[in-house]
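The values are calculated or read from the model by the stated rules, or taken from the named source; none is laboratory data. Everything quoted here is computed from the prediction, not taken from an experiment. Counting neighbours? That spans all protein chains shown, and the Cβs are built from the backbone with ideal geometry, glycine included. Note: accessible area is taken over every heavy atom of the protein model, side chains too, but ligands, DNA and RNA are not part of it. Shrake-Rupley method; radii C 1.70, N 1.55, O 1.52, S 1.80 Å.
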Amino acid sequence: MKILVINCGSSSLKYQLINMEDESVLCKGLVERIGIEGSKLTHKINGEKYVVEEEMKDHKKALKLVLDQILDKDHGAIKDLKEISAVGHRVVHGGESFNDSVVVDKKVMAAIKECISLAPLHNPANIMGIEAIEELMPGVKNVAVFDTAFHQTMPKENYLYAIPYEYYEKYSIRRYGFHGTSHNFVSKRAAEILGKTREDLRIVTCHLGNGSSMAAIDHGKVVDTSMGLTPLEGVCMGTRSGDMDPAIIPFLMEKENLTASDINNILNKKSGVLAISGVSSDFRDIEEQQDSNERCKIALTQFANRVRKYIGSYATLMNGVDVIVFTAGVGENSASMRSEILSKLEFLGIKVDEDKNNVRGEETIISTEDSKVVAMVIPTNEELMIARDTERLTK
Ligand code: ADP
């Protein structure tokens, strides 16, 4: 069975064709600048790269060119689109309607459209991707895999904000959480590596990338996660503020004469480690300058402290923690960040083996054998998770 996985952003699109027999990637690629001058498709197969520069005014045109690459006589991966059994789509927001992935039909599409107000930048692009495939590959089954679904097990006391209840009822304002596909994938894998099931374990997953989120997974169920109504809440990130006193918002709006959209832009794009370091949103740049630039050091320590605070609070919520998993760009690659985060968690019974921790992007247990809590690095693979769900629901 071959599954096409599609992840549509507002002006970009990533794809992978996966052979489910051995879960290998047959080909993959990226389209950038959809609807903007200078559209570009980069297709990769067997380590070779092919670039198509052609106007792509919308996602349908982009996906048409993607399918052309996949079918190409020289650098394609299949001969006929009929070889693709189903298409899995990443959909960012499923609101309260979806606690699992789902085969797309008219009712599902309507529910995804209802969630547009909760993810105005993401859901419209995801919808365009599904509609384009419906036109280009009529009859093929589309599966929607939601970033929010895995977190739907959270209890009400942890997902409600302590603001007037009517706003939850009127506008569905609550904590949803994101990166669910990644938290799901790495927590499952962690249990597998330890020869257990998730139902046996209390796991804290740390998805630390450009966007970062944490999840507390108590015996298989997410009980809390750090991102909220939108992906702005939680630990500070590349360019996002994360948690802060909400009173700062009206204060700044008044002082600086800002609109709602201005402040949204500042907190999402001009804050986080970029703002504190004054150097970059990229952790590699900040790590490079930490010895010579005090603000870089502060940005990194602040980030580590915030992640550590979440680990501590999630351990309290679950009455302890058995496993801590690091994933995504920073979590998989930065040994020094992992070491700093875990260094002051000895009281929880965590002992890091610095030799084992000196690893990049490989499944590794980084705690010592006598550590009460197992700390591990597990590379995330959201595309594979989407493909597995698509296979499960369409086989
Ligand atoms: P996204 O949220 O965009 O998917 P990623 O998970 O790819 O982000 O993570 C991107 C982040 O990972 C960047 O800030 C980058 O600096 C960081 N990163 C990648 N490699 C390293 C490394 N070796 N050391 C520190 N940070 C790294």
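Assess whether residue 238 counts as being closer than 30 Å to residue 200 by Cβ and either at pLDDT below 95 or of a type outside the set (Asp, Glu) (or both). No. From the list 87, 31, 5, 52, the lone residue that is on the phi < 0 side of the Ramachandran plot, assigned to a strand (DSSP E or B) and surrounded by fewer than 20 Cβ atoms within 10 Å (Cβ to Cβ) is 52.
In region 202-239, of all residues being open to solvent by 10 Å² or more (accessible area, probe 1.4 Å) and more than 16 Å from the ligand (Cβ to nearest atom), the one that is nearest to residue 307 (Cα to Cα) corresponds to 224.
In the set 249, 276, only one residue is over 17 Å from the mean Cα position of the chain (by Cα), among the hydrophobic types (A, V, I, L, M, F, W, C) and away from the ligand (no atom under 15 Å from the Cβ); that residue is 249. When each of 304, 315 is tested for being open to solvent by less than 20 Å² (accessible area, probe 1.4 Å), within 14 Å of the ligand (Cβ to nearest atom) and under 29 Å from residue 203 (Cα atoms), the lone residue that passes is 304. Within region 173-182, can one find any residue that is of a type in the set (Phe, Trp, Tyr) and within 16 Å of the ligand (Cβ to nearest atom)? Yes: one or more hits.
When residue 162 is tested against (1) of a type outside the set (Lys, Arg); (2) closer than 14 Å to residue 228 by Cα; (3) touching a residue at least 40 places away in the same chain (Cβ under 8 Å), only condition (3) is not met. Every condition in (1) over 21 Å from residue 385 (Cβ atoms); (2) modelled with pLDDT of 95 or more; (3) touching a helix residue (DSSP H, G or I) at 6+ places or on another chain (Cβ under 6 Å) holds for residue 116 except the one numbered (2). Residues in region 72-80 include none that are among the hydrophobic types (A, V, I, L, M, F, W, C) and without any contact (Cβ under 8 Å) to a residue 60 or more places away in the chain.
Residue pairs whose Cβ atoms lie under 9 Å apart, sitting 6 or more positions apart in sequence or on different chains, and linking a residue in region 282-293 that is of a type in the set (S, T, N, Q) to a partner that is more than 8 Å from the ligand (Cβ to nearest atom) and open to solvent by 70 Å² or more (accessible area, probe 1.4 Å), are 289/295; 289/297; 290/297. Checked against the criterion of being without any contact (Cβ under 8 Å) to a residue 60 or more places away in the chain and of a type outside the set (Val, Ile, Thr), region 316-331 contains not a single residue that satisfies it. Counting the residues of region 341-385 that are within 16 Å of the ligand (Cβ to nearest atom) and open to solvent by less than 10 Å² (accessible area, probe 1.4 Å) gives 7.
Yes or no, residue by residue, for (1) over 18 Å from residue 176 (Cβ atoms); (2) assigned to a helix (DSSP H, G or I); (3) free of Cβ contacts under 8 Å to residues at least 60 places away in the same chain:
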| site | (1), (2), (3) |
| --- | --- |
| 99 | no, no, yes |
| 107 | yes, yes, yes |
| 112 | no, yes, yes |
| 128 | yes, yes, no |
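Just one of (1) out of contact with any helix residue (DSSP H, G or I) (no Cβ under 7 Å at 6 or more places or on another chain); (2) touching a residue at least 40 places away in the same chain (Cβ under 8 Å); (3) open to solvent by less than 50 Å² (accessible area, probe 1.4 Å) fails for residue 65. It is (2).
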